[in-house]
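Accompanying notes for the structure given below.
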Amino acid sequence: MNVLQVSAEIFPLVKTGGLADVTGALPAALNAAGCDTRVLLPGFEPIMADLHSTTVLAELTTPWSEPFVLRVGHLASLNLLAYVIDLPLLYQRPGTPYEDDQHQPFADNYRRFALLGWVASRLAGGLDANWQPQVVHSHDWHAALTSAYMAFSPAQRVHVASIYTVHNLAYDGLFAPRHFFELGLQSSALSVEGMEFHGQMSFMKAGLFFSDYITTVSPRYALEIQTHEQGYGMDGLLRLRAKELVGIMNGVDEVVWNPTRDPALVHPFDAHKPAGKSRCKAELQQELGLAVQSDAPLFGIVSRLTEQKGLHLVLSVLDEMLARGGQLVLLGAGDASLEAAFRERAAANPQAISVHIGYDENFAHKIFAGTDVTLVPSRFEPCGLTQMYGLKYGSLPLVHHVGGLADTVVDCSLEDLANETANGFVFYHFDSQSMVRAVRRAFALYARKAEWRAVCTRAMCQSLGWDTAAAQYVALYRRLCL
Ligand code: ADP
């Protein structure tokens, strides 16, 4: 089965969050399950630099009449065949893939990402005489116009299925409708039965409306986005399409996230040889200037600092965590007021709180390895990967019961400890009272060394790899190609 994955990010080349981890791991998992997977990516600088043995597949012109080249080549760091849109004027700029240095979205984002979908539909239509995708699988709003362009393409000899995965409904790709005429779509695409959304054009809605099938990244989130509270105005459409919507839980890339052979760690460890973990903790405490105390529970956060992530709750329970002898390390960047609030707390308690504003892949690995608890108190969380990295690295997740967090973490209640399913700490109401009780449960379990070790062992032995998700995607692809 030939599968084309379409996305704006791919680990390890371009990453702003979990999307990249998924699109970086899924192709290999699909190939292991028998697919022939290729990817289509924008020609961001790290992608162009990693692309080898390239040939020009086609010289094309954008719907707004800008010439560009579509290359096909081999992504060395992923050992993967990739189609790459080579148009430096659109993709090679300082900043993130989506924003400039001043954190302002690029004004022409609608063009930059519409082109990704437009090229995907050309590949679906047989642009590469040597490789015909049977499934085109696009990810998040950046790639969402794929399904719209495919829906308006001339009928094919073979049906090519379009699948659209929502990684986060909150980021919807809304643009002024005046730009619509530049995109080369038929005018009916911008209607209520299409990508029109309260007078704007919504790339997200295009993906949700035009794709043959919608997936999202956890079973619970698939239900949550059909509700008014979490639907961002798309819940009606999602309820209409409920029969073509499924939640498939993300996996963990065990090549990248594996404490037995993680190059970021000086002391490897696993569930059966946990001594390395204590050394990682002591080293982390020392490196961060925290009191080097093996018996002080060390809490870790690796996160975008946005309202979604519920970090104001951490600020509100911090005093209690410290009073009980806990420590905190945070790595993250984003909202300036959250950055300032955490910095302030660290300055007041340098022996117990260490805050690092920025993005650092290597340091993130050290945090999961060296901490006892990974905090993920998100207000909403489509899947969440950090709680799963916490499980793999024996840093028990403490999470709000929502989305993928609810699907992956079982609270250390007495009954779930007794039936050996508990693997972390869960709070059910999104408020400080509820979170602080979960924090107390973490301290209570930490004081019972044998039980703590048993839960850590169970967490680290959990099977979280991509094979389960890959099998579900392949079954879905097969069904759609019948
Ligand atoms: P989201 O996609 O909403 O940001 P996920 O939990 O799905 O949340 O994925 C986040 C990914 O980004 C994880 O791989 C996490 O380790 C990584 N990450 C987030 N912030 C940072 C940071 N400041 N430095 C390094 N990695 C980070």
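The values are calculated or read from the model by the stated rules, or taken from the named source; none is laboratory data. Everything quoted here is computed from the prediction, not taken from an experiment. Every residue, glycine as well, gets a Cβ built from its backbone with ideal geometry; the counts of neighbours run over all protein chains shown. Areas reflect the complete protein model, heavy atoms only, side chains present, ligands, DNA and RNA absent. Shrake-Rupley method; radii C 1.70, N 1.55, O 1.52, S 1.80 Å.
For this structure, a couple of remarks:
- Test set (1) assigned to a loop (DSSP other than H, G, I, E, B); (2) at pLDDT 95 or above; (3) under 25 Å from L26 (Cβ atoms) - W141 fails condition number: (1)
- Selection within the stretch 332-354 - surrounded by fewer than 22 Cβ atoms within 10 Å (Cβ to Cβ), within 12 Å of the ligand (Cβ to nearest atom) and within 23 Å of V436 (Cα to Cα): E339
- The conditions of being within 27 Å of M388 (Cβ to Cβ), of a type in the set (A, V, I, L, M, F, W, C) and in contact (Cβ under 8 Å) with a residue 12 or more places away in the chain are met by V6.
- Test: residue in the stretch 472-480 that is basic (K, R) and either without any contact (Cβ under 8 Å) to a residue 24 or more places away in the chain or closer than 30 Å to I214 by Cα (or both): yes
- V426 among the β-branched types (V, I, T) and farther than 27 Å from F380 by Cβ: no
- With respect to (1) open to solvent by less than 10 Å² (accessible area, probe 1.4 Å); (2) touching a residue at least 24 places away in the same chain (Cβ under 8 Å); (3) within 28 Å of A333 (Cα to Cα), the lone exception for G17 is condition (1).
- From the options A189, A206, A151, residue that is over 26 Å from V56 (Cα atoms), touching a Leu at 6+ places or on another chain (Cβ under 6 Å) and not assigned by TED's automatic domain parsing to the domain that holds L405: A206
- Where N258 falls short, out of the listed (1) within 26 Å of the chain's Cα centre (by Cα); (2) without any contact (Cβ under 8 Å) to a residue 24 or more places away in the chain: (2)
- Among the residues making up the stretch 156-177, those that are more than 22 Å from T16 (Cα to Cα) and open to solvent by 20 Å² or more (accessible area, probe 1.4 Å) are Q156, R157, V158, H159, A176, P177.
- Here the strands (runs of 3 or more DSSP E) wholly within the stretch 178-262 that include at least 3 residues being in contact with a helix residue (DSSP H, G or I) (Cβ under 9 Å, 6 or more places away or on another chain) and either open to solvent by 40 Å² or more (accessible area, probe 1.4 Å) or of a type outside the set (V, I, T) (or both) are 200-202, 245-247.
- The stretch 78-95 residues that are surrounded by fewer than 22 Cβ atoms within 10 Å (Cβ to Cβ), paired with ones that are of a type in the set (D, E) and in a helix (DSSP H, G or I) (beta carbon under 6 Å, 6 or more apart): Q92/E45
- Helices (runs of 4 or more DSSP H) wholly inside the stretch 1-93 that include at least 3 residues being closer than 26 Å to D467 by Cβ and in contact with a helix residue (DSSP H, G or I) (Cβ under 7 Å, 6 or more places away or on another chain): 18-32
- For the stretch 285-303, the condition of being within 14 Å of the ligand (Cβ to nearest atom), open to solvent by less than 40 Å² (accessible area, probe 1.4 Å) and in contact with an Asp or Glu (Cβ under 7 Å, 6 or more places away or on another chain) holds for none of the residues.
- Of the helices (runs of 4 or more DSSP H) entirely within the stretch 364-465, those holding at least 2 residues that are crowded, with 17+ Cβ neighbours inside 10 Å occupy 386-392, 403-408, 432-446, 449-461.
- Scanning the stretch 319-331 for residues that are within 11 Å of the ligand (Cβ to nearest atom) and not in a strand (DSSP E or B) turns up nothing.
- In summary, G276 fulfils each of the numbered conditions (1) of a type outside the set (F, W, Y); (2) buried (at least 20 other Cβ atoms within 10 Å of the Cβ); (3) more than 30 Å from R479 (Cα to Cα) with the single exception of condition (2).
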